[in-house]
Amino acid sequence: MTTKDQLAVGAIAGPHGVRGQFKVKLFAETSAALEQYGDLRIDDGRMLKLSVNSVNSNGLVIVSAVGVTSCEAAGALRGMLLSTS
């Protein structure tokens, strides 16, 4: 859930690989927005600092986040929104 002051920039689609990377369905205009907005809030209140790695053939952005280091940790984020704080 976002408030008036927050902007949802993407949704976490699921893990990518075994090292904690995950896929993001982008709501922003470009994938660069995921890094330009700085730390992004997820639904459980945590903040994630994302690094964009690539964009796959389906248009999903492959990212890594500080502190997310396993497939299981990335999988636990599935379905959460990424919002500006």
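Across the chain, the mean sequence separation of Cα contacts (distance under 8 Å, 6 or more residues apart), normalised by length, yields a relative contact order of 42 percent. With N the number of residues in the chain, Rg(Cα) / (2.2 N^0.38 Å) evaluates to 0.96.
Working note: 222 nm ellipticity from helices only, DSSP H runs with n ≥ 4, each -39,500 (n - 2.57), summed and divided by the residues of the chain, gives -2000 deg cm²/dmol to the nearest 500.
The share of accessible area on the chain that comes from carbon and sulfur is 49 percent, using a 1.4 angstrom probe.
Compared with the alpha-carbon gap, the fully stretched path from ALA8 to PHE27 is longer by 6.1 nm at 0.36 nm per residue.
The values are calculated or read from the model by the stated rules, or taken from the named source; none is laboratory data. Since the model is a prediction, treat every value here as computed from it, not as a measurement. Quick note on the areas: whole protein, heavy atoms, side chains included, nothing else; ligands and nucleic acids left out. Shrake-Rupley method; radii C 1.70, N 1.55, O 1.52, S 1.80 Å.
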